[in-house]
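To keep things clear, I will list the structure first and then write my remarks on it.
The values are calculated or read from the model by the stated rules, or taken from the named source; none is laboratory data. This is a predicted model, so every value here is computed, not measured. Here the Cβ positions follow ideal geometry from the backbone for every residue, glycine too, while neighbour counts run over all protein chains shown. Ligands, DNA and RNA are excluded from the accessible area calculation, which covers all protein heavy atoms including side chains. Shrake-Rupley method; radii C 1.70, N 1.55, O 1.52, S 1.80 Å.
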Amino acid sequence: MTAHVFVIGLDHFHLRQLRTIRNAGDYRFHGLLPYDMVVNPETYPIGEMIEQGRRELSAAGVPVEAVIGHWDFPTTALLAVFRRDLRLPGPGLAATLIADHKYWSRLRHREVIPESVPRFQSLDPFDPEAEHRVELDFPFWIKPVIGFSSQMVYRVADAAELHRALSGIRRGIGRFGEPFARLMELARIPADIPAEIEANHCVLEKPIDGWQCTQEGYIQHGEVVVYGTVDSVREGPLDSSLSRYEFPSRLPEAVRARMVAITERAIPALDLDDTPFNVEYFWDRDSDRIGLLEVNARISKSHCPLFADLAGASHHEVAVDVALGRRPDFPRWEGEHRVAIKFMLRRFEDGIVTRVPGEAELRALEAEFPGTRIQVEVKVGDRLSELRGHEVYSYEVAVIFMGGRDHGELERRYRALVEKLPLEIDKEGLEA
């Protein structure tokens, strides 16, 4: 019997990932809300998104047995709204908002895992005295309490950098703050959460550095399960920009086990249940300290092809099973490769895109480098600094997934592929 699964912002790439899961033929996957409305739009009209989603679900003509998503805010919150409407399993809206809010979630985690939480504070960037209300010593990170992909995230070393960071944040923070405020109106925020620290605030926190990784897992009926750890490698100024994800993790097994133990306390503290999640950590080798960066109440879309390469199926399988109330049986390690990496091709200076590979050129490169999937993130005429969704220190221009025997082989093949990738960015035309 076919089960109907609705996926917020479904695109062709992730539909292919969904079709790798066990018994994929038993499911019909339906898109819910247009991709362009959900993924990096100019604005997030939350009321309109909710009403349109409700109309699409009621007019589907089939039973809605599960609603899932893999995108960042506001997808996690929209999932909670639609599931509440349909009485489907999943965390409540207040829980997803607490998980998404970088200050609120820090407050909860300080109660249960204080040893893994850096010193932090909130700050209203619109306060005329904001620069004088900083309680932390330099350096520290400053970021909006709602955001993703390192947007408007600054590492601040002195008063001048703080001034520039606050100026940049004030220009862009409303893009996430306004939709979050609308969602707060629909939720019952618990009494221990300071609702006055809403989404147009920042969080400042002392740096946690070292070996970065992400644990993928789920919580079901209160039980936390971690099924994989993916390493994150950074480059560029201040090591601020993600350059690749590597799977499986090369962290010592004992360190990963300690992270699992922290995760088992961190997830319930956010009132999350019946949802997949991922938790980002740093391990400082010198101090042997583990620091928790953040929790996301969803699978990581970036890791889907990595699991498909090693486990034989995207971890969308976990999202589907949990949404249907089934116990996941994942991973099974039935993939073709022993190591998989997502490479993020970045540029660290502005420029105008003058050439991108065509579809035939991309398919030819993928055939020349088996086990490779290439996604170009820009188009001819784009000025990198004007693209929505880029981080402060770099611009992501392409993503390359590779599977193979070992890390060394994949790094060599990646360098060879980039040399042949017909992607050209000109900085000479910036003055025009």
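Things to note:
- Considering residues of segment 57-94 that are in a helix (DSSP H, G or I) and touching a Pro at 6+ places or on another chain (Cβ under 9 Å) only, the residue farthest from PHE176 (Cα to Cα): ARG83
- Looking at ILE262, ILE299, just one residue is over 17 Å from the mean Cα position of the chain (by Cα) and of a type in the set (Val, Ile, Thr), and that residue is ILE262.
- Test: residue in segment 303-317 that is surrounded by fewer than 24 Cβ atoms within 10 Å (Cβ to Cβ) and closer than 28 Å to ARG110 by Cβ: yes
- Flag if VAL224 is on the phi < 0 side of the Ramachandran plot, at pLDDT 95 or above and assigned to a strand (DSSP E or B): yes
- Contacts under 8 angstrom Cβ, first residue in segment 44-71 being over 27 Å from GLU317 (Cβ atoms), partner surrounded by fewer than 17 Cβ atoms within 10 Å (Cβ to Cβ) and among the hydrophobic types (A, V, I, L, M, F, W, C), 6 or more apart: GLN52/MET37
- Near pairs, Cβ below 8 angstrom, 6+ apart or cross-chain, from segment 184-195 (closer than 13 Å to TRP104 by Cα and among the small types (Gly, Ala, Ser)) to any residue that is outside any loop (DSSP other than H, G, I, E, B) and open to solvent by less than 40 Å² (accessible area, probe 1.4 Å): ALA195/MET184
- Within segment 14-32, tally of residues that are in a helix (DSSP H, G or I) and surrounded by 15 or more Cβ atoms within 10 Å (Cβ to Cβ): 4
- Residue match in segment 33-43 (condition: open to solvent by 20 Å² or more (accessible area, probe 1.4 Å) and closer than 26 Å to GLN220 by Cα): no
- Residues of segment 276-296 that are over 19 Å from the mean Cα position of the chain (by Cα) and crowded, with 20+ Cβ neighbours inside 10 Å: TRP283, ILE290.
- Checklist (1) out of contact with any Leu (no Cβ under 7 Å at 6 or more places or on another chain); (2) more than 30 Å from ALA311 (Cβ to Cβ) applied to GLY371, failing item: (2)
- Residue pairs meeting the criteria (Cβ under 7 Å; at least 6 apart or on separate chains; first without any contact (Cβ under 8 Å) to a residue 40 or more places away in the chain, in segment 102-124; second open to solvent by less than 30 Å² (accessible area, probe 1.4 Å)): ARG110/VAL117
- On the stretch given as segment 140-161, residues that are of a type outside the set (Val, Ile, Thr), out of contact with any Pro (no Cβ under 9 Å at 6 or more places or on another chain) and in contact (Cβ under 8 Å) with a residue 24 or more places away in the chain total 7.
- Highlighted here are the strands (runs of 3 or more DSSP E) found entirely within segment 334-432 that include at least 2 residues which are among the β-branched types (Val, Ile, Thr) and in contact with a helix residue (DSSP H, G or I) (Cβ under 9 Å, 6 or more places away or on another chain): 339-347, 352-355, 372-376, 395-404.
- One residue stands out among those in segment 154-201 that are surrounded by fewer than 20 Cβ atoms within 10 Å (Cβ to Cβ) and in contact with a strand residue (DSSP E or B) (Cβ under 6 Å, 6 or more places away or on another chain): the one that is farthest from SER385 (Cα to Cα), which is ILE197.
- If you go through segment 331-361 and keep only what is over 26 Å from ARG405 (Cβ atoms), among the small types (Gly, Ala, Ser) and touching a residue at least 60 places away in the same chain (Cβ under 8 Å), you end up with just GLY351.
- Here VAL145 does not fit the description of being modelled with pLDDT of 95 or more, crowded, with 19+ Cβ neighbours inside 10 Å and over 27 Å from LEU387 (Cβ atoms).
- Among residues of segment 202-218, those that are out of contact with any Leu (no Cβ under 8 Å at 6 or more places or on another chain) and open to solvent by 20 Å² or more (accessible area, probe 1.4 Å), counted: 3
- Only residues that are open to solvent by less than 10 Å² (accessible area, probe 1.4 Å) and of a type in the set (Lys, Arg) were counted across segment 243-275, and they come to 0.
- Yes/no for ASP192 being touching a Lys or Arg at 6+ places or on another chain (Cβ under 9 Å) and either among the charged types (D, E, K, R) or at positive phi (or both): yes
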